[in-house]
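The values are calculated or read from the model by the stated rules, or taken from the named source; none is laboratory data. Keep in mind the model is a prediction, meaning the values are calculated, not measured. Cβ sites come from the backbone with ideal geometry, for glycine too, and all protein chains shown count toward neighbours. Side chains are part of the model used for accessible areas, which takes the heavy atoms of the whole protein and leaves out ligands, DNA and RNA. Shrake-Rupley method; radii C 1.70, N 1.55, O 1.52, S 1.80 Å.
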Amino acid sequence: MDNHPTIQHLWFDFDGTITFQTPEFHAAHDELRHRTYANATGKPLTEKLKEEFHGLYKKYGSNSAVFRSLGLPTNYWQEHFNTLDVSKLYKPNPSINMTLDYLRTKLPISLFTNLTGDKIPKMLSLIAIEQSWFTHVLSGDDIKERKPALDGFYKMIELSQLPAKDLMYVGDRVDVDLKPAKAVGIQTCLMWGKSEETDFSCEKFEDLIEIVLPGSSTLSK
C-alpha cells in the first residue's frame with residue numbers, strides 16, 4: 001500500500017509483538033509444545049514427532065489450532081503454556097514501551113491475544129506495560145475460537161465501534177495474526193520483519209509511529 005491509512009484504533013498482538021522473544025524463550029517454548037503434543041497424542045517424543053507437529057503448525061497456523069485439530073478444547077494449549085515459567089524469559093524493551101506510551105496519547109490502543117485472560121496481567125507486568133494503557137484487552141477466553149479463526153477479529157471491530165478499514169492490527173505472524181485481520185477488512189502491519197502480504201511492515205517497533213501518525217516520527221513530538 002502506497003498511501004498512509006487513516007487509523008482510528010490500533011490493536012496489538014501480545015506474544016512476539018509487544019514482547020521481544022529471546023533465544024531462551026524460543027527454546028523453552030519449543031520444548032513445551034513438543035512435550036505437550038507428545039502427551040496429547042500418546043506418542044514418544046522423537047525428532048519425527050517434532051516434525052509432525054511442525055507440519056500441523058504450518059497447516060493450521062497456531063499452537064492452539066494444532067491442538068484443536070486433535071479434537072481438544074480451544075484453550076488446551078494456552079492452559080499448558082500457562083505452566084511455563086516466563087519470569088526469566090520476558091523483560092521490558094525500552095523502544096516498545098516508549099512507543100506504546102506515546103501512541104496511546106494519540107489514539108486508542110488495544111490488545112488481542114490468544115493468551116488466557118488470567119495470564120495477561122502477569123505477562124504485562126513482566127514487560128512493565130500498564131494494562132490501563134489499553135482501551136480493550138481481548139483474550140482467547142473471550143471468543144469461541146482462538147486465532148487464526150476470525151472470531152476475535154470480528155470482535156475487535158465490534159468493540160472499536162468503527163469500520164474495519166479504520167482499524168490496524170499489528171502482529172508478528174502473517175498467517176496467524178495478519179491474514180485473518182486482512183480477511184475482515186482490517187489494516188495490517190507485520191512487526192519485526194517484511195512481507196508483501198501485509199499492508200505495512202516494521203523492522204523496528206518505533207517505525208510504527210510514522211505509519212500510524214505520518215509526520216510524528218520522533219517520540220519527543
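Taking the condition of being open to solvent by less than 30 Å² (accessible area, probe 1.4 Å) and either in a loop (DSSP other than H, G, I, E, B) or not aliphatic (A, V, I, L, M) (or both), how many residues in the range 55-73 meet it?
5
Write out, first by first residue and then by second, each pair whose Cβ atoms fall under 6 Å of each other, whose residues are 6+ apart or on separate chains, and whose first residue, in the range 159-188, is assigned to a helix (DSSP H, G or I) while the second is acidic (Asp, Glu).
Note: pairs meeting the criteria are 174/197; 177/13.
Of all residues in the range 141-160, how many are under 13 Å from residue 184 (Cβ atoms) and crowded, with 22+ Cβ neighbours inside 10 Å?
5
So which residues in the range 175-211 are aliphatic (A, V, I, L, M) and touching a strand residue (DSSP E or B) at 6+ places or on another chain (Cβ under 6 Å), if there are any at all?
Matches in the range 175-211: 178, 181, 186, 190, 191, 208, 211.
I need every pair where a residue in the range 6-30 that is under 18 Å from residue 116 (Cβ atoms) has its Cβ under 7 Å from the Cβ of a residue that is of a type in the set (S, T, N, Q) and surrounded by 15 or more Cβ atoms within 10 Å (Cβ to Cβ), sequence separation at least 6 or different chains.
Going by the 7 Å Cβ cut-off, the qualifying pairs are 13/113; 14/113; 15/113.
Kindly establish whether residue 52 is surrounded by fewer than 18 Cβ atoms within 10 Å (Cβ to Cβ), among the acidic types (Asp, Glu) and more than 26 Å from residue 170 (Cα to Cα).
Yes.
Only one of these conditions is not met by residue 109: (1) of a type in the set (Val, Ile, Thr); (2) without any contact (Cβ under 8 Å) to a residue 40 or more places away in the chain; (3) in contact with a strand residue (DSSP E or B) (Cβ under 6 Å, 6 or more places away or on another chain). Which number is it?
(2)
Residues that are in contact (Cβ under 8 Å) with a residue 60 or more places away in the chain and either acidic (Asp, Glu) or within 30 Å of residue 72 (Cβ to Cβ) (or both): does the range 95-102 have at least one?
No: the range 95-102 contains no residue that is in contact (Cβ under 8 Å) with a residue 60 or more places away in the chain and either acidic (Asp, Glu) or within 30 Å of residue 72 (Cβ to Cβ) (or both).
Name the residues in the range 198-217 that are in contact (Cβ under 8 Å) with a residue 60 or more places away in the chain and outside any loop (DSSP other than H, G, I, E, B), would you?
Residues satisfying the conditions are 200, 208, 209, 211, 212.
For residue 44, indicate whether it is exposed (fewer than 11 other Cβ atoms within 10 Å of the Cβ), assigned to a loop (DSSP other than H, G, I, E, B) and on the phi < 0 side of the Ramachandran plot.
Yes.
Could you figure out which of (1) in contact (Cβ under 8 Å) with a residue 12 or more places away in the chain; (2) in a helix (DSSP H, G or I); (3) open to solvent by 20 Å² or more (accessible area, probe 1.4 Å) isn't true of residue 83?
Evaluating residue 83 over (1) in contact (Cβ under 8 Å) with a residue 12 or more places away in the chain; (2) in a helix (DSSP H, G or I); (3) open to solvent by 20 Å² or more (accessible area, probe 1.4 Å) leaves (2) as the failure.
May I ask you to verify whether residue 85 is among the charged types (D, E, K, R) and out of contact with any strand residue (DSSP E or B) (no Cβ under 7 Å at 6 or more places or on another chain)?
Yes; evaluated as a whole, the condition is true for this residue.
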